[in-house]
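What follows is a set of notes on a single structure, which appears directly below.
The values are calculated or read from the model by the stated rules, or taken from the named source; none is laboratory data. None of the values given here were measured: they were computed from a predicted structure. Please note: Cβ atoms are built from the backbone with ideal geometry, for glycine as well, and neighbour counts cover all protein chains shown.
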Amino acid sequence: MTAASGPKRTPLYEVHKRLGARMVEFGGYTLPVQYSSIREEHAAVRESAGLFDVSHMGQLALTGPGAISAAERIFSRSVAAIAPGRIRYGMLCNEGGGVVDDVTCYRTAEDSVFWCVNAANIEKDQRWIERHCPDGGQLRNDSDATAMFALQGPASAEVLGKVCPAGVGALRRYRFERLEVAGCSAIVSRTGYTGADGFELYLPGSEAIDVFETLLREGAPLGLRPAGLGARDTLRLEAALPLYGHELDEGTSPLEAGLDRFVDLDAGGFIGADALVRQREAGLERRLVGFELEERGVAREGHAVVEGGRTVGKVTSGAPSPTLGKSIGLAYVSPDLARAGCRFEVVIRERCVRARVVDTPFV
Amino acid sequence: MDHEIPEDLHYSADDEWVRVEGGVFVGVTDFAQHQLGDIVYVELPKRGDSVVQGDAFGVIESVKAVIDLRAPISGEVIAVNELLADQPELVNGDCYGDGWMIEVSPSDETEVGSLMDATAYAASVAERDT
């Protein structure tokens, strides 16, 4: 699956080319940024459904005796409290409370879990877990052998129902099951990264092309279309979901990012919890907010946020929202500006553009 | 992928087109708009501003990308397509027509001769198109 050198390809590389996708490198993988138009693909997910190849995402499994207690040390939420068949979103934190990665944790059995991790962090996470769980469980990196799709949008359940004899209507949010999908045994979870209803599917890379093409064919009459990273980014931004490397990194705490409910500080015990408790007591120096521009322009990552002639923050993500028809973004700002209605300016190519803090998610 | 490249225009290596018609009209090519994807914002100079061949005269943004617009010829801006402020998508839909960007009164008529014709530009696109 790996080219001789350069970025990796997913099992669907040739399918993407055949569908006319424009390919880009992301997280060490060559992936489709768009097939026809980011806006059209975005609209498909909001109105019917879109199918994304997210095989770049990594899967790290920790299994066997000691796995759960080891997982408790490195995941920001209590793994023991996740019942088999359920999923929790959370962080791997470093000792300072910074984010090593933001991940979803699947409790696969009494003594096993797997984490779905960001592509660019697979090897880093693997080393991190090995270092901090030396005696607890067996760590296995399933990333290369696993294909992953995201089927997202209000018509997702109907699309998946057409190729899944057992049906998926009863599968609730943040739960997963092993199901037959288009003749292939897949892990199906009711999760996603778009703010829409939808599913994520994990299956052997060898069966990826068949399942992807069957889903596209069966879903087309319901409005399903393939969707690329461009739409994935505008969709997650409208949902105000953080993207590692933008809103989150090793120097950013989940508290600053507003992810308090995904770190079980009161249970404690995970690496970084002490630092986060101290940070919570001392007060935060900055907070992540959602904003919309009140004038024309597009805020982009790295643009300065100013207020009263003073730099008070920095944009981490920004784009025109296809759903709202407004220019939106996320920025870290000083805490006194972190309330809906607060105003500041974003410096776009030396021009100060008025912006207003709004509640998130944006849609 | 086939890109529209009208025979009667001149082209710069930066994927702008030039139409000599009274003044000189300037826009981006079909190849450029296709590479950019959905265009969401166009920043243009004002009437009376000067532009210099090869220098940035504005900015075009798609959902994912921001690129400088580079002037294919030097001169004074005598008209600006005001429609693009509210309808930047015209560049995607009609890059050689309603998606034009500026009209320039050239300071050096011979600069047009330094641009590519349709055949040369088609070859340049074919080299870069994947």
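Brief remarks on what is shown
- Annotation: of all residues in segment B:71-87 being of a type in the set (D, E, K, R) and at pLDDT 95 or above, the one that is nearest to B:Ser114 (Cα to Cα) is B:Glu76.
- Scan of segment B:90-130 for residues that are among the charged types (D, E, K, R) and either at pLDDT 95 or above or within 21 Å of B:Gly23 (Cβ to Cβ) (or both), ordered by number: B:Asp94, B:Asp98, B:Glu103, B:Asp108, B:Glu109, B:Glu111, B:Asp117
- Residue that is surrounded by the most Cβ atoms within 10 Å (Cβ to Cβ) [pool: residues in segment A:17-49 that are in a helix (DSSP H, G or I), within 21 Å of the chain's Cα centre (by Cα) and more than 9 Å from chain B (Cβ to nearest Cβ)]: A:Val45
- Wholly within segment A:276-363, strands (runs of 3 or more DSSP E) carrying at least 1 residues that are touching a His at 6+ places or on another chain (Cβ under 6 Å), buried (at least 17 other Cβ atoms within 10 Å of the Cβ) and at pLDDT 95 or above: A:310-321, A:343-348
- Look at segment A:283-303: where a residue is on the phi > 0 side of the Ramachandran plot and a partner is surrounded by fewer than 19 Cβ atoms within 10 Å (Cβ to Cβ) and assigned to a loop (DSSP other than H, G, I, E, B), sitting 6+ places away or on another chain with Cβ atoms under 9 Å, you get A:Gly297/A:Arg349.
- Residue check for A:Ser327: within 14 Å of chain B (Cβ to nearest Cβ), touching a helix residue (DSSP H, G or I) at 6+ places or on another chain (Cβ under 8 Å), of a type in the set (S, T, N, Q) and within 28 Å of B:Ala56 (Cα to Cα): no
- Test: B:Tyr121 is more than 14 Å from every other protein chain (Cβ to nearest Cβ), under 23 Å from A:Ser36 (Cα atoms), aromatic (Phe, Trp, Tyr) and touching a residue at least 12 places away in the same chain (Cβ under 8 Å): no
- Members of segment A:227-259 found to be out of contact with any Leu (no Cβ under 9 Å at 6 or more places or on another chain), more than 13 Å from chain B (Cβ to nearest Cβ) and not small (Gly, Ala, Ser), listed by number: A:Tyr244, A:Asp249, A:Glu250
- Of residues in segment B:37-59 being under 13 Å from the mean Cα position of the chain (by Cα) and within 11 Å of chain A (Cβ to nearest Cβ), the one surrounded by the fewest Cβ atoms within 10 Å (Cβ to Cβ): B:Ala56
- Segment B:15-27, residues that are outside any strand (DSSP E or B) and at pLDDT below 95: B:Gly22
- Filtering segment B:94-130 to residues that are surrounded by 17 or more Cβ atoms within 10 Å (Cβ to Cβ) and touching a Pro at 6+ places or on another chain (Cβ under 7 Å) leaves B:Tyr96, B:Ile102, B:Leu115.
- Count of residues meeting criterion [among the charged types (D, E, K, R), buried (at least 20 other Cβ atoms within 10 Å of the Cβ) and under 18 Å from A:Pro254 (Cα atoms)] in segment A:83-121: 3
- Residue within segment A:330-339 that is of a type in the set (Ser, Thr, Tyr), touching a Gly at 6+ places or on another chain (Cβ under 6 Å) and more than 14 Å from every other protein chain (Cβ to nearest Cβ) present: yes
- Filter result for the condition that a residue is touching a residue at least 24 places away in the same chain (Cβ under 8 Å), away from every other protein chain (no Cβ under 14 Å) and either buried (at least 23 other Cβ atoms within 10 Å of the Cβ) or over 15 Å from the mean Cα position of the chain (by Cα) (or both), over B:Val80, B:Val63, B:Val26: B:Val26
- Any hit, segment A:63-80, residues being closer than 16 Å to A:Thr194 by Cβ, surrounded by 19 or more Cβ atoms within 10 Å (Cβ to Cβ), modelled with pLDDT of 95 or more and not polar (S, T, N, Q): no
- Taking the criterion of being part of a helix (DSSP H, G or I), of a type outside the set (Lys, Arg) and surrounded by fewer than 21 Cβ atoms within 10 Å (Cβ to Cβ), the residues of segment A:234-264 that qualify are A:Asp260, A:Phe262.
- Per the listing B:Ala32, B:Ala85, B:Ala13, the residue uniquely within 22 Å of A:Arg39 (Cβ to Cβ), surrounded by fewer than 14 Cβ atoms within 10 Å (Cβ to Cβ) and aliphatic (A, V, I, L, M) is B:Ala85.
- Qualifying residue in segment A:294-302 (condition: over 19 Å from the mean Cα position of the chain (by Cα) and more than 14 Å from chain B (Cβ to nearest Cβ)): yes
- Of residues in segment A:21-50 being of a type in the set (A, V, I, L, M, F, W, C) and over 26 Å from A:Leu324 (Cα atoms), the one modelled with the highest pLDDT: A:Leu31
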